[in-house]
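So the structure is just underneath, and the comments pick up after that.
The values are calculated or read from the model by the stated rules, or taken from the named source; none is laboratory data. What you see is a predicted model, and the numbers here were worked out from it, not measured in a lab. No Cβ is skipped: glycine too gets one built from the backbone with ideal geometry, and neighbour counts run over all protein chains shown. Ligands, DNA and RNA are excluded from the accessible area calculation, which covers all protein heavy atoms including side chains. Shrake-Rupley method; radii C 1.70, N 1.55, O 1.52, S 1.80 Å.
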Amino acid sequence: MGDLKVELKQLIIETLDLEDIEIADIQDDEALFIDGLGLDSIDALELGLAIKKNYDVKIDANSEETKQHFSSINALCEFVSKAKV
Amino acid sequence: MDIKIRHLSVWYAHCDELSIEQAVNSDETELNWPKLAFVPAMQRRRLSPFAKMALKVANDSIIDVVQDLPIVFSSRHGDLPKTSTLLADLADKNAISPTAFGLSVHNAIPSLFSILTNNKQAINAISAGQDSFMMALVDAYARLKSGLADEILFIHADQKLPETYLGFQDEQQLSHAISMVISLPDQEQKTTNEQSIRFSFKQFSNAVIDNMPLSLLFSQWYCSTQQQIVLASKNYQWTLEKNA
């Protein structure tokens, strides 16, 4: 799980061109969107696409659950590791 | 057509060390694009090189302009490096980047600038082949003359063609952006930063191949002591003259 979290943070930084942010700056339980890291709706689409590509998981664009999955690194990590199998 | 130009701002690849003639057709792979300190970091990260050079000159041109100005934006190819990446992704049946797609329309750059400067004035975005720059000047003149605006922020940008398209080039290549504030000439005393010009055009079939883009020829002429110039594209001949 730990490795996947680092991997996801790296993916977020690279995919979203977060020049000034390093892996250590992203907290596992911090909100990714609006508060916390401050990502927006275009980032959500871009990140969804990157996760689809990298982990071959299916993401339902409009569900409440998806919102939950993308709320923090912890949630995203759980979602990806479950969906991968 | 008579217009007054002030705050002409020019950026081109290698402008720190080379003249336009020297820089044209040069290698642009290791280029330092404008830094754009005035753009918040979270917005700056999405800006392509094309956006960066256009926003840089636009911001330089409005340095002491108080009111929000309508914008005329001109580009022959728009953000072609980005467009060609999107097209390649589509051709390979890959999903396309939402960020790149969202900023790929022709008026994306002046729209970004209007968001960054909180400017709610109208925007025209023009593309007219080799005549893009000059036709956008005509459009700006028409807007001024019809009373739609007293002053216009004019922005032009074109980037060196991506590798895939270099085979189709019909003019010399240099990534560049030019911006200025345009109004109708008045009787007021001219300051050092402004110049009135008169320009006209006629249809003309030219066999010009591999000229510099008219935008670059214009800015060279504007910054020189030369009074008059005739510029030619494939379809038009433009006569420009500085007024004393």
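Yes or no, residue by residue, for (1) basic (Lys, Arg); (2) open to solvent by 30 Å² or more (accessible area, probe 1.4 Å):
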position: B:LYS145; (1), (2): yes, yes
position: B:THR164; (1), (2): no, yes
position: B:GLN173; (1), (2): no, no
position: B:VAL181; (1), (2): no, no
position: B:LEU184; (1), (2): no, yes
position: B:ARG198; (1), (2): yes, yes
position: B:GLN203; (1), (2): no, yes
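Does B:SER127 satisfy the criteria of being more than 14 Å from chain A (Cβ to nearest Cβ), open to solvent by 50 Å² or more (accessible area, probe 1.4 Å), closer than 25 Å to B:SER215 by Cα and more than 19 Å from the chain's Cα centre (by Cα)?
no
Can you pull out the residues in the stretch B:38-69 that are open to solvent by 50 Å² or more (accessible area, probe 1.4 Å), in a loop (DSSP other than H, G, I, E, B) and away from chain A (no Cβ under 14 Å)?
Result: B:PHE38, B:ILE63, B:ASP64, B:VAL66, B:GLN67, B:ASP68.
Can you give me the ranges of the helices (runs of 4 or more DSSP H) entirely in the stretch B:93-179 with at least 3 residues that are over 29 Å from B:ASN32 (Cα atoms)?
Hits in the stretch B:93-179: B:132-145.
Take the residues of the stretch B:19-37 that are open to solvent by 70 Å² or more (accessible area, probe 1.4 Å) and closer than 18 Å to B:ASP60 by Cβ: which is farthest from the other protein chains (Cβ to nearest Cβ)?
Across the stretch B:19-37, the extreme among qualifying residues is B:ASN32.
Restricting to the stretch B:125-148, what's the tally of residues that are closer than 19 Å to B:GLY78 by Cα and either among the basic types (Lys, Arg) or in contact with a strand residue (DSSP E or B) (Cβ under 6 Å, 6 or more places away or on another chain) (or both)?
So the count comes out to 10.
Quick check, is B:SER196 without any contact (Cβ under 8 Å) to a residue 40 or more places away in the chain, of a type in the set (S, T, N, Q) and over 30 Å from B:SER104 (Cα atoms)?
Details: without any contact (Cβ under 8 Å) to a residue 40 or more places away in the chain: no; of a type in the set (S, T, N, Q): yes; over 30 Å from B:SER104 (Cα atoms): yes.
No: the conditions fail for B:SER196.
Out of A:ALA24, A:ALA44, A:ALA50, I need the residue that is of a type in the set (Gly, Ala, Ser), open to solvent by less than 50 Å² (accessible area, probe 1.4 Å), free of Cβ contacts under 8 Å to residues at least 60 places away in the same chain and under 27 Å from B:ALA37 (Cα atoms). Which one?
Only one candidate qualifies: A:ALA44.
So which strands (runs of 3 or more DSSP E) are wholly in the stretch B:188-244 and hold at least 3 residues that are among the aliphatic types (A, V, I, L, M)?
Because the criterion is at least 3 residues that are among the aliphatic types (A, V, I, L, M), the strands (runs of 3 or more DSSP E) in the stretch B:188-244 that meet it are B:228-232.
Do we have B:ASN124 as farther than 19 Å from B:VAL39 by Cβ and modelled with pLDDT under 95 here?
So B:ASN124 does not fit the description; no.
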